[in-house]
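Written below as structure tokens is the structure these notes are about.
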Amino acid sequence: MTQRVDLATVMDRLAIDEVVTGYAVAVDDGDWAAYRALFTASGRVDYSSAGGIEGSAGEVADWLAQTMKLFPVRQHLIVNRLVRLEDLGGSPGDSAEVRADFLNPMRLAGPESDPAVTAPNFVAAGRYAFALARTRDGWRLTRVTVHETWRHMSA
């Protein structure tokens, strides 16, 4: 590899990491416009393993906007990111896949909830599979699949 190709690969990895982080921040902040902007026009999301829906990024954003009202306090921690860039004979291609573990502590809303208490009482964890494509606007998500492996709820 040349230094130019190495630099391009590093820049792609940083840009992809920013998209994955942007995904978590958008969900945690309830910024559904930012969420939609992370996807290509044909982007798909599958939350079915976590009891959710599968559909276009717009459909899932609408569903999340309603569902996340149940969790006024939430934080996605996305770790152990394994990034695989398409390899075109030593040069980076225009597609990538990211496998990353997640831990998602949240606080359920409810009439008996004390607004001063923000400790989580619902935690979900598992693995994300992200597929991305390089577009004229930078890296965008083409598919996100949630593989929830466990959850815990406390009083």
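Every number in this text was worked out from the coordinates using simple rules, so none of it is lab data. If you're wondering where the values come from, they're calculated on a predicted model, not measured in any experiment. Here Cβ is always computed from backbone atoms with ideal geometry, including for glycine, and neighbour counts include all displayed protein chains.
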Go through segment 34-49 residue by residue and tally those that are closer than 15 Å to Asp137 by Cα and polar (S, T, N, Q).
2
For segment 53-76, does any single residue satisfy the condition of being within 14 Å of the chain's Cα centre (by Cα) and of a type in the set (Phe, Trp, Tyr)?
no
List the pairs whose first member sits in segment 6-22 and is of a type in the set (Gly, Ala, Ser), whose second member is assigned to a helix (DSSP H, G or I), and whose Cβ atoms are under 8 Å apart, counting only residues at least 6 apart or on separate chains?
Gly22/Ala34
Taking the residues in segment 10-24 that are among the β-branched types (Val, Ile, Thr) and crowded, with 17+ Cβ neighbours inside 10 Å as candidates, determine which candidate is nearest to Asp87 (Cα to Cα).
Ile16
Applying the selection to segment 41-84, what residues are more than 22 Å from Met106 (Cα to Cα) and surrounded by fewer than 17 Cβ atoms within 10 Å (Cβ to Cβ)?
Ala41, Ser42, Gly55, Ser56, Gly58, Glu59, Leu82, Arg84
Do we find a residue being loosely packed, with under 15 Cβ neighbours inside 10 Å and in contact with a helix residue (DSSP H, G or I) (Cβ under 7 Å, 6 or more places away or on another chain) anywhere in segment 124-132?
no
Of the candidates Arg44, Arg36, the one satisfying the condition of being touching a helix residue (DSSP H, G or I) at 6+ places or on another chain (Cβ under 8 Å) and touching a residue at least 60 places away in the same chain (Cβ under 8 Å) is Arg44
Looking at Asp87, Asp31, which one is of a type in the set (D, E, K, R) and under 19 Å from Asp137 (Cβ atoms)?
Asp31
